[in-house]
1. In nm, to one decimal, how far is the Asn204 label point from the Glu37 one, both placed 7 Å along Cα→Cβ?
2. Under a plain spin-label model, where a point goes 7 Å from the Cα along Cα-to-Cβ, how far apart in nm are Met73 and Asp190?
3. List the GluC sites (Glu not before Pro) in the stretch 19-83 that DSSP assigns to loop (not H, G, I, E or B) and whose Cβ has at most 15 other Cβ atoms within 10 Å. Which are they?
4. Just how large is the dipole of the chain about the Cα centre, in debye to the nearest 20, putting +1 at every Lys and Arg Cβ and -1 at every Asp and Glu Cβ?
5. Of all beta bridges DSSP finds with both residues in the chain, what is the antiparallel percent, to the nearest 5?
6. What is the set of long-range amide H partners of Leu137 at a cut-off below 5 Å, with H atoms built 1.01 Å from backbone N?
7. Under 10 Å from the Cβ of Asn69, count the other residues' Cβ atoms, weight Lys and Arg +1, Asp and Glu -1, and hand me the total.
8. Once both labels are modelled 7 Å past Cα along the beta-carbon direction, what's the Glu148-Ser168 spacing in nm?
Amino acid sequence: MTEPIETTTAPEQANPRVLLVDDHDLFRTGLRNLLEEEGVDVVGEAAAGDDALRYVRELQPDVVVMDLNMPGMTGVEATKKIIAHAPLTRVVVLTISDQDGDVMEAIFAGACGYLLKDASVEDVMRGISAAAVGESLISPTIAGKVLERIRAATASPEAAEAIRAELSDREIEVLKLIANGKDNAQIAADLHISPKTVKNHISNILMKLQIENRIQAAVYAVRSGIV
């Protein structure tokens, strides 16, 4: 099985403040109850993308759990606007769609996690916890599917050239391991460096390549053909 692109390696943030966005009242209520049993502070609920934007401004949640298919403003559109107006708020997509196009749109909108609605409570908690500390999680089946699709497409020499021009040899090593599904602890072990050094390298990679998160970094690396 393909490994998740990221798992939480830093200490989990206590009681992350979460906003739920889904147009199905029953699903929101059930998810809220499950998350609150796990110690999550659900600060609000929204049934539409425009309401989500307003609540993000008012409530300043750490994490937004976002559905994609909603009437009016879509989850992808809402994610883009949330990232633009509240860059410290992380968006985790929780949806029924495993379609490649939806996944790619959500990732490039800035979502730092992508989970399916048949995920376990444990997986949803891991996604929220990862997002709350600035990391990323994507369902293993989704990660494998999307990266294989990109790998099968024509490589981008321009992207490969940009990576080699911007990144150090060590940063390229780290980027390749990210694209191969390694988490911070595994990267640290493989390269015989500390997890803190790994996090510093990842921060530098994101800044130099001007991308939002490590899921995007993995996609970029695979698309470039360096992996």
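Coordinate-derived values only; no laboratory data. It should be emphasised that the depicted structure is a prediction, and the values quoted were computed from it without experimental measurement. Reconstructed Cβ throughout: ideal geometry from the backbone, glycine too, with neighbour counts over all protein chains shown.
1. The answer from the label model is 4.6 nm.
2. Taking the two extended label points, one gets 3.8 nm.
3. Details: sites: Glu36, Glu37, Glu38, Glu45, Glu58, Glu77; in loops: Glu38.
Sites meeting the loop and neighbour criteria: Glu38.
4. On the way: 22 positive and 35 negative charges, 147 e Å.
Once rounded to the nearest 20, the dipole reads 700 debye.
5. Values: 0 of 19 bridges.
So the antiparallel bridges amount to about 0 percent of the total.
6. The answer is Gly113, Tyr114.
7. Details: positive: none; negative: Asp22, Asp23, Asp67, Asp102.
Around Asn69, the surrounding residues sum to -4.
8. Calculated label separation equals 3.6 nm.
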